[in-house]
Amino acid sequence: MDRKLQSNLILAATVVLFILTWWYAAAVKNQTQLFAGPIQTAQAFAQVFTNPTISSQVVTALQVTLVSVFYGFALAIVVGIPIGFLMGRYVVADLLLDPWVNAWYSIPAVAFVPLMMNWTGLTSTSTVLIAFLISVFSIIISVYGGVKNTSSSLVETARAYNASEGQVMTKVIFPASLPNIMVGLRLGLIRAIEGVIIAEMFFAALGLGGMIDFSADHLDSALSDALIVVLAIVSIALSLALKLLSNKAIAWKESESIHRL
Amino acid sequence: MVLLIPKSLEEGEGLPEAEAETATGIENPSGISFQKKLIAFIVSFSVFLLLWQLVANESGNSLIVAGPLPVFQSLVNLLQNHIPLIARGAETADSAILETLEVIVLGFALSVVVGIPIGIAAGLYRSVEGVVEPWVSVVYSIPIVALVPVIYYGIGASFTADVLIAFLFSVFTIIINTQNGVRYMSNSLAEVGRTYGATSWQFITKIVVPASTPDMVTGMRIAVGRAILGAVLAEALIGETGLGGLMMIFQATFSTSYMMAAVVLIAIMGILVLQVPKILEHRLFKWKETERLARM
Amino acid sequence: MQSQESPSELLSSEPILRVEGVAKSFPKRQSGGKEEIIKVLEDVNFELKGGSFTSIIGPSGCGKTTLLRIVDGLLKPDAGRVIFNGEVVTTPPTRMGFVFQQFGLLPWRSVLKNVEFGLELRGTDPEERKEIAQKYIDIVGLRGYENNYVHEISAGMQQRVGLARALSIDPDVLLMDEPFASIDMQTREILQRQLLQIVKASVPKTTLFVTHNVDEAVYLSDEILLLGTHPAKVREVVKVELPPKRWTYDLRSQQEYTRLRQKIWKFLEKEIMERGGFGSFDPQEP
């Protein structure tokens, strides 16, 4: 208990230190339009809620962003989970797809941006596709790992009870790899958000990412900082929601760790 | 909030990512022969090229999609430092590649130097974990790209800004993987150190570090990938320098085949950096054996 | 070496290690989220005479392993103390060796480097520690496997590496925590014989051995401490008076062996049935 209190105090101290450093850096720079301090940012953050014009802009931008994240992530789930299963279960699929999944996964996501700009333009479709491309490989790889590493003794048990291939899949491999699937989904969600924001930053006209870029370019760094805070809160809330869901789904899994000092 | 957030990283985003990562692989010990793999690769690569050509034909507009051949030609030109007339003023390819590599190496090196000690301390000591984990879990959930304008207007479009962004993209992956490697190290190994009277320093150097090296190395490999993303992103979004800048200049000047060649170059860089060390990892950490499911 | 002497002659009268009134509790989280304090050990007393082989036996989960960890200073007792070579144990003493149930070998090191580990931590000169390690590798019969990684050898061989590592620091007392529990029956019997030969003849050691296996305890020990459960306490000390050099004859055909075996099993059965939550199986009882 004591140690917990102590570490919370240190944590609070680091937060204070961070704000002070930020404040000092802004004071030294002394150009609020370019680099706003914590106070201006807090004021701008309050404006997001109190100023109806800004408020409605933010709500619209947030909607655009969230809808893109939703479609990109949903598409990645629908495509990623089956592919991950096929690759984990069937050698042929593994042989044909593994090098591709690994290769595409290794490509820095930003490389997709100019391609999409050419093909689908500065639209939400491009944003969704970029989010999808970034997030789907994290999901495939996690699902694949889970399926491939399902303990063979579990599969043998099912076989001993005359389980069909479909039953092995749904009753053994799926639940056994659920922890990995959940991890893949959580990673995939973070990636999807990242993808949407990257695309919006480049397009500079859409969603929250676009608004952050736009306000920074129009020398309103306080608003841009405040929007980053909004984005942070939304991202963390989404990750947390998925984490809670995943805890529910895999409540049977216990974790082990070493005794620490 | 502070109490809630660490939970979101309890299993670590990094560890399972690491697990998932090592579970796949070029050299997977599932008994598939290299020859089979090569044949499968040639088959699927041909299919890929064919599809690409088909899409290019279908679009009928080489300004939107360039086929594989023109892109290959542009790649060769690019590597010989030929730049299309319309994109004059762009850097030559070799200086662009060099600059991007510098950003990646510096950003990555910085995150290793900063991330490994923090990760080890957070894995070993609860008090450090209590401080580090909330920060890491918050920052890890936020798209770092949102910070690019702040850095751009804060310190200006510069080499330093690019390095800083590459650093920010990669350091958290290193911290998380290192921390997980240390934290989930087998308890019995920790006990061995204590019964043989290891000092704290011996405990860290002779037990903790070797035991968590595979996780650290996996973390570093993924982190290089993140550093590349950060570097190219920063270059493309702010200074229009390096490979990322080149890619955007070609895009803006409708030099589509060159733009796609730059994309291929970046893709190859990512693949080389992430996949080649994976083979080495399998060889280096043979002592970490795994059991696998027999498949159909 | 001293192999011609009988083990009873080796026993000195001075205890090398004394456990006095040791108690230990652990908090346990109940399903309702409340914490309950479980008393694991209470008022445990015993001593080890130099050169003796002592086993601790008790129902599984009774706290044998906890006791051994307290003896080694890995855990602190809530009450009581452990005195080793005249000093109170607070941290793992340099002159105690520990053999783990899960072997505790460092998988990134070769067999030789694993055996050298304890000496390395003590800063022994590299040439010398290699020589010492080689000597104990020879004693446990692993010559030829020095450069193998741990995962390349069998479980039985791995535990021999664990034994060689513990012996190499020349401990006064060897603590063994169910060292053969995860090894198959046949290999286990061979290892038991080899262990006895080593600690009674090749490199005589005072040994404290934790097990839940009755045969193993009778075969190996000069003295057996019977540990009861909830909380664990030494209920009885059984002396095993069988002829020395037990590896040279078929011990299991001796009448005394059978008698002791039955006596200990009766004790264990009673402990498990009474306190292990089995209730009563006797149809005669109400």
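The table that follows gives values for the structure above.
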read-out	value
Cα pair count fraction exceeding 33 Å, expressed as % - segment B:63-284	29 percent
Pairs from A:Lys148/B:Lys36; C:Lys113/C:Lys135; B:Lys37/B:Lys278; C:Lys205/C:Lys266; C:Lys200/C:Lys263; C:Lys49/C:Lys76 whose Cα-Cα separation, in the structure shown, is over 21 Å	C:Lys205/C:Lys266; C:Lys200/C:Lys263; C:Lys49/C:Lys76
Ellipsoid equivalent to chain C - semi-axes via the Cα gyration tensor, in Å	32, 23, 19
In degrees, nearest ten, helix C:126-139 long axis to first principal axis of chain C (Cα)	60 degrees
Segment A:32-249: radius of gyration over Cα atoms, expressed as a fraction of 2.2 N^0.38 Å	1.23
Where A:Thr170, A:Thr150, B:Thr241 fall by accessible area, highest first, once all protein chains stay in place (1.4 Å)	A:Thr170, B:Thr241, A:Thr150
Solvent exposure ordering (accessible area, 1.4 Å, most first) of B:Tyr152, C:Tyr145, B:Tyr258	C:Tyr145, B:Tyr152, B:Tyr258
Contact order relative to length of segment A:32-249, as percent, for alpha carbon pairs under 8 angstrom and 6 or more apart	30 percent
Computed accessible area, A:Phe202, all protein chains, 1.4 angstrom probe, square angstrom	30 Å²
Cα Rg, Dmax, the protein assembly as shown, angstrom units	32.3, 104
Accessible area, probe 1.4 Å, largest first, for residues A:Trp104, A:Trp23	A:Trp23, A:Trp104
Per-residue SASA entry for A:Val16, accessible area with 1.4 Å probe, Å² rounded to 10	80 Å²
Accessible surface of the protein assembly as shown [probe 1.4 Å, protein heavy atoms]: carbon and sulfur percent	62 percent
Local electrostatic count at A:Leu11 - Lys and Arg +1, Asp and Glu -1, tallied over other residues with Cβ under 12 Å	-1
q = 0.09, 0.14, 0.17 Å⁻¹: log10 I(q)/I(0) that the Debye formula gives for segment B:180-296, counting C-alpha atoms only	-0.45, -0.76, -0.89
Solvent accessible area, Å² - C:Glu42, 1.4 Å probe, full protein context	60 Å²
List of segment B:149-194 residues, accessible area with partners at least 40 Å² below that of the chain alone (1.4 Å probe)	B:Pro149, B:Val150, B:Tyr153, B:Gly154, B:Arg183, B:Tyr184, B:Asn187, B:Leu189, B:Glu191, B:Val192, B:Arg194
Mean residue ellipticity (222 nm) of the protein assembly as shown, computed from DSSP H runs ≥ 4 via -39,500 (n - 2.57), nearest 500	-20000 deg cm²/dmol
Estimated D of segment C:141-286 in µm² per second, where Rh is the Kirkwood radius over Cα pairs and Stokes-Einstein applies at 20 °C, 1.002 mPa s	124 µm²/s
Qualifying lysines (Cα of each under 20 Å from Cα of A:Lys248; at least 8 residues distant if same chain)	A:Lys171, B:Lys7
Rounded, prolate or oblate (a/c below 1.5 giving rounded, otherwise prolate when a/b exceeds b/c) for segment A:21-91 by Cα gyration tensor	oblate
Volume per residue that the Cα convex hull of segment A:82-166 spans, once the total is divided by residue count, Å³	104 Å³
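The values are calculated or read from the model by the stated rules, or taken from the named source; none is laboratory data. These numbers were taken from a predicted model, which means no experiment stands behind them. As a convention, Cβ positions derive from the backbone with ideal geometry for all residues, glycine included, and neighbour counts pool all protein chains shown. For accessibility, only protein heavy atoms count, side chains too; no ligands or nucleic acids. Shrake-Rupley method; radii C 1.70, N 1.55, O 1.52, S 1.80 Å.
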